[in-house]
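Step one of this worksheet: look at the structure below.
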Amino acid sequence: MPTGIDAGDTAWLLASTALVLLMTPGLALFYGGMVRAKSTLNMIMMSLVSVALVTVSWLAAGYSLAFGHDLGGLGLLGGFEHIGLKGITPATPHGHVPALLFVTFQLTFAILTTALISGAIADRAKFSAWMVFVPVWALVVYAPIAHWVWGGGWISDLGALDYAGGLVVEIASGASGLAMALVLGPRIGFRKEAMRPHNLPMVLLGVGLLWFGWFGFNAGSALAANGTAAAVFLNTLVAGCTGLLGWLLVEQRRDGHPTTFGAASGVVAGLVAITPSCGSVNVLGALAVGLVAGVVCSYAVGWKHRLGYDDSLDVVGVHLVGGIIGTLLIGLLAVRSMTGGAAGLITGGGGVQLGRQAIAVPVVGLFAFTVTFAVGKLIDKTLGFRVSAEDETSGVDLALHAETAYEHGVSVPFSAGHAGPLAKLAHPSPLGHAQQQEQGA
């Protein structure tokens, strides 16, 4: 084995990489169950195609822009020395793991982050436009932010902490989701019709896969099989649990009943918030982070109805808000036993760390929002990003993919000599009209 590469650390990171990659199919099921029945396959496809598109762009240039030597010493972007993974061989180490494995581990983060944005524009985006958006966003938004935080850029130099992606993943995707929701505009019937999740068991299966993968996401970021990874692993479990409990507490007090959808959303809120702070807080801190996120995000998802932006699957309310909570709470709850130096305001470190976190959060959010809005607008003006009103009403699954997720979505036969996509459903759902509305079909 080449000098510097540790077998145990490598084995753990291999497993973690597989866990993080599994999160994107988990997200596909999570999102697929949250939309109405007529958009199920499209939602799943938007996640799965992100795996392929981000992989190509990351290996071509994304990794070098994120983790290459700082370009010009400005802390803004990595260099071009690893374009096409040039100079990286199986024997090249990155700390105590192979550099190729580190490349792949970081790739899985880029894939998931990009796929998260699709939830903000569910039910109405052209798949072809999404395929253009994905690799561009990964290169011009994700890669620079990753360099700022993890690649030796200006946020790293500032001393702001983000262990596994509160800035890079959660705030970047949440702010970008808000931008894209504004670019495409609200769905037909937004704030007028019920648009409930059509398949809650699918949602719960998806969140289970996400939670399972999140252990690789957070604990794998230690890049070693050690005590820090173990502490981060436990923090991840704790925050997911208290996020669930916090969300259900709000539902019980506000609505009179806890829901399965609320439980799933609470888990994700807690996991989102602990992502940046899992390597900075102790177990009690993780408990607090998850609980605060579960409570606050349960209210934040309703902001879209008052403010008028249609964030279809609550990317803003959960990922942006949860990411901000977790990143800022580092400045309050960080402990030296986890960080090796920095401490929070409540834990004896003064307000310095909180100030650093408070600088990084708005800068990353504004950068991601602004650049994403510009990219989205450019694609919308040139290719068109939104499907027609007719296709949106009939369902993007059938309009864009000539398929439906369920048996009642039977298509009319092709007319003689016709080879284009199927136009409409031949048979309505066996469910009654009232039941279809109740299920968001």
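The values are calculated or read from the model by the stated rules, or taken from the named source; none is laboratory data. The shown structure was predicted, so the numbers you read here are calculated from the model rather than taken from an experiment. A quick note on method: Cβ atoms are made from the backbone with ideal geometry, for glycine too, and the neighbour counts reach across all protein chains shown. Side chains included, ligands, DNA and RNA excluded: accessible areas come from the protein's heavy atoms. Shrake-Rupley method; radii C 1.70, N 1.55, O 1.52, S 1.80 Å.
Tell me, yes or no, whether the stretch 81-89 has at least one residue that is without any contact (Cβ under 8 Å) to a residue 60 or more places away in the chain, part of a loop (DSSP other than H, G, I, E, B), in contact with a helix residue (DSSP H, G or I) (Cβ under 6 Å, 6 or more places away or on another chain) and open to solvent by 30 Å² or more (accessible area, probe 1.4 Å).
Checking the stretch 81-89: at least one residue is without any contact (Cβ under 8 Å) to a residue 60 or more places away in the chain, part of a loop (DSSP other than H, G, I, E, B), in contact with a helix residue (DSSP H, G or I) (Cβ under 6 Å, 6 or more places away or on another chain) and open to solvent by 30 Å² or more (accessible area, probe 1.4 Å).
Scan (1) within 23 Å of the chain's Cα centre (by Cα); (2) open to solvent by 50 Å² or more (accessible area, probe 1.4 Å); (3) among the aliphatic types (A, V, I, L, M) for the single condition L74 breaks and write down its number.
(1)
Is at least one residue of the stretch 2-20 open to solvent by less than 20 Å² (accessible area, probe 1.4 Å), within 22 Å of the chain's Cα centre (by Cα) and of a type in the set (G, A, S)?
Looking through the stretch 2-20, at least one residue is open to solvent by less than 20 Å² (accessible area, probe 1.4 Å), within 22 Å of the chain's Cα centre (by Cα) and of a type in the set (G, A, S).
Does G159 meet the test of being touching a residue at least 12 places away in the same chain (Cβ under 8 Å), of a type in the set (G, A, S) and surrounded by fewer than 18 Cβ atoms within 10 Å (Cβ to Cβ)?
Yes.
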